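Nothing in this text is a laboratory measurement; each read-out follows from the coordinates by a stated rule. None of the values given here were measured: they were computed from a predicted structure. Note that we place each Cβ from the backbone using ideal geometry, even for glycine, and neighbour counts take in every protein chain shown.
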Amino acid sequence: MTSDCLFCKIISGDIPATIRYEDDRVIAFDDIDPKAPCHFLIIPKKHIATALDLTPEDNELIGHIYQVAGKIARDSGFADAGYRVVNNCNKAGGQVVWHLHFHLLGGRNMTWPPG
Ligand code: 5GP
Ligand code: ZN
């Protein structure tokens, strides 16, 4: 828990969010400004600022996050159609919240390349 971190405050319940999934290591909740019909953020409960701050001890955690993404996609009904998982890293990568998060986007056809 980092006291000035928005997503740590969502984890602690100090800031409300619509939680879609939770276990001992991660939570997933609705993005406040959705970019697709389904747009969830999957985050580790451990405060990690960016993907660049990952260490070997986090390897299993990242695999778990991708499995959670697949579970949410199946439960939400867009797994077979297809979906996108995105991590924005640092400013030029589009990151604005400094707690590692993975966007799970589904419910529409994605375009490539992203903006
Ligand atoms: P980034 O640009 O850092 O990859 O993504 C941050 C995401 O967090 C954005 O998609 C933004 O809409 C979302 N976000 C920012 N503030 C809040 C908030 O207070 N609650 C929720 N649920 N999402 C937020
Ligand atoms: Zn945090």
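Structure values in brief
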{"read-out": "Segment 28-80: C-alpha gyration tensor shape, a/c 1.5 cut-off, then a/b vs b/c", "value": "oblate"}
{"read-out": "Net charge of Cβ neighbours under 14 Å - reference His64; Lys, Arg +1; Asp, Glu -1", "value": "-2"}
{"read-out": "Global geometry of the chain, whether rounded, prolate or oblate, following the gyration tensor of its Cα atoms and the 1.5 cut on a/c", "value": "rounded"}
{"read-out": "Cα coordinate range in segment 1-48, projected on the principal axes (Å, largest first)", "value": "31, 21, 18"}
{"read-out": "Cβ-based net charge around Cys38, under 11 Å, with every Lys or Arg adding one and every Asp or Glu removing one", "value": "+1"}
